[in-house]
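Read the structure below first, then the notes.
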Amino acid sequence: INFILFPLKLANMKSMRKMQALKPQVDAINAKYKGVGMRDPKAGDKNAETMELYKKHGVNPMGGCIPMMLQIPFFFAFYKVFTVSVEMRGAPWLWVTDLSQPETLPIKILPIVMIASQFVMQSMTPQPAGDPSQQKMMKFMPLIFGFMFYNFASGLVLYYLTSNLVSMGQQWFFNKTS
């Protein structure tokens, strides 16, 4: 799935780089409208000015959502496969005795490694310009995903971990070639 979606991810990575280059200009816009509340009519002017800047430089701030949205149906399908499919019951993998069940170890290794991989991937990915509170929230996303995945089927956690590792390889490739 990651290799099929690589062209979309590559476009997203390029867009993120462009957004990172525009960060000083976005910060200037934010400083210009500092103290403007969300309900203030000037907030619309701020958003319009930011979107005009993105349009002028050919940046799509929603570009990162497309590959993720395309993966959601696969995620739900894997969830169903691992929870309902009879073929997956009792399927072992290394220390995991049943991929259709959460790990039975006292400390679940796969979710912890998945969280670590997400933090590493986050550090490799260029951060777009944006609201500082939103950026702080994004730093907590690996922990939120880890909390959600902690009691999911091991096979699903393994799929997501593998997806993270492939994405890290793709990000490394993009960082080295651009």
Practice task
Residues being part of a loop (DSSP other than H, G, I, E, B) and either more than 12 Å from Thr50 (Cβ to Cβ) or in contact with a Ser or Thr (Cβ under 6 Å, 6 or more places away or on another chain) (or both): count how many of those fall in segment 1-23.
Solution key: 5
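Suppose the filter is open to solvent by 10 Å² or more (accessible area, probe 1.4 Å), modelled with pLDDT under 85 and aliphatic (A, V, I, L, M); does Met121 pass it? Let's see the steps before the verdict.
Working: open to solvent by 10 Å² or more (accessible area, probe 1.4 Å): yes; modelled with pLDDT under 85: no; aliphatic (A, V, I, L, M): yes.
No; evaluated as a whole, the condition is false for this residue.
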Problem - Tally, over segment 94-114, of residues that are of a type in the set (Ser, Thr, Tyr) and touching a helix residue (DSSP H, G or I) at 6+ places or on another chain (Cβ under 6 Å) - result: 1
Exercise for the section: Scan segment 133-159 for residues that are open to solvent by 10 Å² or more (accessible area, probe 1.4 Å), under 20 Å from Asn2 (Cα atoms) and touching a residue at least 60 places away in the same chain (Cβ under 8 Å) and jot them down. Expected result: Leu158, Tyr159
Exercise for the section: Could you please find all residues in segment 55-79 being over 22 Å from the mean Cα position of the chain (by Cα) and either of a type in the set (D, E, K, R) or modelled with pLDDT under 75 (or both)? Expected result: Lys55, Lys56
Handout entry: Pair list, Cβ < 8 Å and 6+ apart or interchain, from segment 75-99 residues that are of a type in the set (Lys, Arg) to residues that are open to solvent by less than 90 Å² (accessible area, probe 1.4 Å)
Key = Arg89/Asp98; Arg89/Ser100
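Would you point out the residue of segment 71-93, among those that are in a helix (DSSP H, G or I) and touching a helix residue (DSSP H, G or I) at 6+ places or on another chain (Cβ under 7 Å), that is surrounded by the most Cβ atoms within 10 Å (Cβ to Cβ)?
Filtering first and then ranking leaves Phe82.
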Exercise for the section: Tell me, please, whether a residue that is aliphatic (A, V, I, L, M), in contact (Cβ under 8 Å) with a residue 12 or more places away in the chain and under 30 Å from Leu161 (Cβ atoms) can be found in segment 18-31. Expected result: yes
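Listed here are the residues, each with its yes/no results for (1) modelled with pLDDT under 85; (2) of a type in the set (S, T, N, Q); (3) touching a Gly at 6+ places or on another chain (Cβ under 7 Å); (4) over 30 Å from Met13 (Cβ atoms).
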| position | (1), (2), (3), (4) |
| --- | --- |
| Thr104 | yes, yes, no, yes |
| Ile115 | no, no, yes, no |
| Pro126 | yes, no, no, no |
| Gly130 | yes, no, no, no |
| Met138 | yes, no, no, no |
| Val157 | no, no, no, no |
| Trp172 | no, no, no, no |
| Ser178 | yes, yes, no, no |
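For segment 89-102, name all the residues that are out of contact with any Gly (no Cβ under 7 Å at 6 or more places or on another chain) and not hydrophobic (A, V, I, L, M, F, W, C).
So in segment 89-102, the residues out of contact with any Gly (no Cβ under 7 Å at 6 or more places or on another chain) come out as 89-97, 101-102.
Result: Arg89, Gly90, Pro92, Thr97, Gln101, Pro102.
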Practice task
For segment 24-34, state whether one or more residues are out of contact with any Phe, Trp or Tyr (no Cβ under 9 Å at 6 or more places or on another chain) and either assigned to a loop (DSSP other than H, G, I, E, B) or hydroxyl-bearing (Ser, Thr, Tyr) (or both).
Solution key: yes
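The values are calculated or read from the model by the stated rules, or taken from the named source; none is laboratory data. Note that the structure is predicted; figures quoted are calculated from it, not measured. Note that each Cβ is placed from the backbone with ideal geometry, even for glycine, and that neighbours are counted across all protein chains shown. Heads up: the accessible areas ignore ligands, DNA and RNA and are worked out on the full protein's heavy atoms, side chains in. Shrake-Rupley method; radii C 1.70, N 1.55, O 1.52, S 1.80 Å.
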